[in-house]
Amino acid sequence: MSDGPIHPDERPASGYSWYVLGVLVVVYILNFIDRQIISILAVDIKADLQLNDSQMGFLGGAAFAVFYALFGVPLGRLADNWHRVRLLSIGLALWSAMTALSGFARNQVTLSFARMGVGIGEATAGPTAYSLISDYFPKRQRATALAIYSSGLYLGGGVSLLIGASIVEAWNRAYPGGGPLGLVGWQAAFLAVGLPGLLVALWVASLREPPREGGAKRSPQPFREFLVDLSTIVPPFTLIGAWRRGPAALAVNLAFAGVMAAIAWAMVGATGNLPQWSSVALGYYAVFSWASTLRARDPATFRLIWGTPAFLCTTLGYSLVSLAAYALAFWSAPYAEVVLGLPKQQLAFVLGANGAIAGFLGVIIGGRVADALRARYPSGRILVIVFGVVAPIVPIWIGYTTPNATLFYAMNFLAGMFGAAALGAAAATTQDLVLPRMRGTATAAFFLGATLVGLAFGPYMVGQISDMAGSRVDGRLVGDLRTGILSLIAVAPIALVLLFYAYRAVPAAEATIRERSGEA
């Protein structure tokens, strides 16, 4: 037996590390309660504000996702350069306040702006939590820790259904014509889940900031860099950043903006949904502008993220898993209520418990299996992401074609558990493909895919196809949610192609990180 010192990566995580992880799980639960409660409220909001399925898909997806992704980039860089605990506590307070303000929305416009504010606040959570966990846990326990943290996603999503249904029904019984300030049930639900987050933000502020792995250096002027980053990703200030890089960079930036505007114009003409496509075009243009700036200012980070096909294919492959997951998370409750005719309280209890248990089991088991496979094969974690693509197909098909409620619940459980298995594997793979100082930025880039591909398009795609396949009854459009949800299966072949490439490319990419970064 060796009596030499224990390498930091071999030393198990401390008790305080597990305590911090527990607090971060609570934060992530609140994160997804505030994000997902709109699902159980969708039927009430749709009727109250006179919206169709594609408009609800926008509110449940791009209205939040674009601003979550857009601000996640500079906030990810700020997480690399500033006090992560403080940043997380400020972000939690912001998104909780904006969730509460959603309760005062009177139309689609005001609710959209509130959802955008929730997205900006929640953009702090991913970069700070992933970076903290990576410094509190050794590499061999990292996928497991990230998987446990990610369980908050499913616990929060499940609890949001239970809370939302209970508050709506209790409020509407007590105040059938509207309560204090004229608020109806869905508005009261937003208030009830938003306000407690302000107290949890104080708890988060009490956590200790850990030393960064490898003694990674932070910027001496983090907020100055944050403002510069913000100016390079928020239009029209992006034009200033492009001009500073030269006339050629400005020309490329303007050309890309023109392409995005043309695509948005064409899609608005085809679908009639201006908020969706203008938001998506804005988001993609902003990300392009930021990536161009990152290439000029921090070429090492650019090379290991945007210049690494293994990183991009892993992220995009998982993003298509998340597209289906986000779509089901948003539409399963409205589907059960509208198509199967199930009572809101019952479906909220069953789907909420289903989502929480299935997600928790899937993400924990998936993380453990991913770590075990990684120990045997350099690309072992990619196999778990592939499983997350293929395994949900049959449950989705059966669950959303059967008229039997019990079978629907069972298949929804399996689809959720199988899809959840991929998250820890994908997150850990992307963290392993960059240097320690880049983890916050890499996390932001990883979430860009999950949000601008998965969340921005998943709920909307189902809603849009539902409207296109629907019919008019008494002059009103009635969507076909069954067809909309089954269309999710079509993304699986694209995801498999991306992940096949990632499986082949990850070992070489991980083995050459330092050389490709150009850093000593």
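What follows is calculated from the coordinates using simple rules that are stated; it is not laboratory data. Nothing here was measured: the structure is a model prediction, and the numbers come from that model. Positions of Cβ are generated from backbone atoms using ideal geometry, with glycine treated the same way; all protein chains shown enter the neighbour counts.
Just need log10 I(q)/I(0) for the range 432-520 at q = 0.10, 0.18 Å⁻¹, Debye formula, equal scatterers on the alpha-carbon atoms, no solvent, rounded to two decimals. Treating every Cα as an identical point scatterer, log10 I(q)/I(0) equals -0.46, -0.92. Among the trypsin sites (Lys or Arg not before Pro) in the range 428-511, none sits in a DSSP loop with a Cβ that has at most 16 other Cβ atoms within 10 Å.
As a footprinting exposure proxy, order MET461, MET468, MET116, MET56 by other Cβ within 10 Å, with the fewest listed first.
Lowest count first: MET468, MET116, MET461, MET56.
Spread over its residues, the convex hull of the C-alpha atoms of the range 155-297 is 218 Å³ per residue.
Please identify the longest segment of the chain free of exposed GluC sites (Glu not before Pro), where exposed means a DSSP state other than H, G, I, E or B and no more than 16 other Cβ atoms within 10 Å.
Details: sites that count: GLU10, GLU519.
Between exposed loop sites, the widest span is 11-518.
Within the range 52-158, the trypsin sites (Lys or Arg not before Pro) that combine a DSSP coil assignment with at most 14 other C-beta atoms in a 10 angstrom radius are ARG106. Per-residue 3J(HN,Hα) values for the range 115-126, derived from phi via the Karplus relation 6.51 cos²θ - 1.76 cosθ + 1.60 with θ = phi - 60°, read 5, 4, x, 4, x, 4, x, 5, 5, 6, 5, x Hz in sequence order (x marks Gly and Pro).
Relative contact order for the chain: what percent, with Cα pairs under 8 Å and sequence separation of 6 or more?
Relative contact order of the chain: 24 percent.
Taken one residue at a time, the phi angles of the range 482-491 give Karplus couplings (6.51, -1.76, 1.60, θ = phi - 60°) of 4, 4, x, 6, 5, 5, 4, 4, 5, 7 Hz. Gly and Pro are set to x. Counting neighbouring beta carbons within 10 Å and listing from fewest to most, the residues SER151, SER319, SER166 come out as SER166, SER151, SER319.
Dividing the helix sum by the residues of the chain, where each DSSP H run of 4 or more adds -39500 (n - 2.57), gives a mean residue ellipticity at 222 nm of -25500 deg cm²/dmol.
Evaluated on the range 226-296, the Kirkwood hydrodynamic radius is 12.4 Å, with distances taken between all distinct Cα atoms.
Quick check on the range 248-383: take the gyration tensor over C-alpha atoms, sort the square-rooted eigenvalues as a ≥ b ≥ c, and tell me if it's rounded (a/c under 1.5), prolate or oblate. Cα axes put the range 248-383 in the oblate bin.
Computed over the Cα atoms of the range 1-155, the ratio of the radius of gyration to the Kirkwood radius (Rg/Rh) comes to 1.10. Relative to the compact-globule estimate of 2.2 N^0.38 Å, the Cα radius of gyration of the chain comes out at 0.94.
The distance from the alpha carbon centre of the range 335-409 to that of the range 272-315 is 29 Å, rounded to a whole number.
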